[in-house]
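These notes are about the structure you will find just below.
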Amino acid sequence: MNACSCIYVNDIIMKMDKEKLERAAYILKAMAHETRLCVLMQLAETKEKSVSDLQQEVGCEQSLLSHHLTDLRAKGILNARRDGQRNLYSLNNEQIIPLLECILNYCK
């Protein structure tokens, strides 16, 4: 392999890593709020909850909680489904759970 192809392969690897880093920063920014972290931890424990259940556990106004839920859903971190008149929220990917645990353990 000549030097030119090595540089090209390295550029592809660097671009891939940059895309992963950008995605990681995007996810971490979305999580970077006490209420959002609390919501994610609650959903990590019970898999799926309604807005009213989350409101009781998180302890903030329903309108503010809905704003946080909408943002987390828009960023692909949460799923939402309708059950009658209730919206039920769950984690989009459970691989976020070890990340949450790591962050909380780091803060001890």
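Which condition breaks for L91 when tested against (1) surrounded by 11 or more Cβ atoms within 10 Å (Cβ to Cβ); (2) without any contact (Cβ under 8 Å) to a residue 40 or more places away in the chain?
In the conditions (1) surrounded by 11 or more Cβ atoms within 10 Å (Cβ to Cβ); (2) without any contact (Cβ under 8 Å) to a residue 40 or more places away in the chain, L91 misses (2) alone.
Suppose the filter is modelled with pLDDT of 95 or more and under 20 Å from the mean Cα position of the chain (by Cα); does K20 pass it? Show your work before the answer.
On the way: modelled with pLDDT of 95 or more: no; under 20 Å from the mean Cα position of the chain (by Cα): yes.
So K20 fails the test.
Can you name every residue in region 45-80 that is among the polar types (S, T, N, Q), assigned to a helix (DSSP H, G or I) and over 29 Å from E22 (Cα atoms)? Don't jump to the end; show me each part of the working.
Initially, region 45-80 is screened for residues among the polar types (S, T, N, Q), giving 46, 50, 52, 55-56, 62-63, 66, 70, 79.
Now restrict to residues that are assigned to a helix (DSSP H, G or I): 46, 52, 55-56, 62-63, 66, 70.
Once the filter is applied, which keeps residues that are among the polar types (S, T, N, Q), assigned to a helix (DSSP H, G or I) and over 29 Å from E22 (Cα atoms), region 45-80 yields T46, S52, Q55, Q56, Q62, S63.
Taking the conditions exactly as written (among the small types (G, A, S), in contact with a strand residue (DSSP E or B) (Cβ under 8 Å, 6 or more places away or on another chain) and either loosely packed, with under 13 Cβ neighbours inside 10 Å or closer than 19 Å to L104 by Cβ (or both)), does A32 satisfy them or not? Outline the logic, then answer.
Numbers: among the small types (G, A, S): yes; in contact with a strand residue (DSSP E or B) (Cβ under 8 Å, 6 or more places away or on another chain): no; either loosely packed, with under 13 Cβ neighbours inside 10 Å or closer than 19 Å to L104 by Cβ (or both): yes.
Here the answer is no, as A32 does not meet what is asked.
The values are calculated or read from the model by the stated rules, or taken from the named source; none is laboratory data. Remember, predicted model here, so these are calculated numbers, not experimental data. FYI the Cβ positions are ideal-geometry reconstructions off the backbone, even for glycines, and counts take in every protein chain you see.
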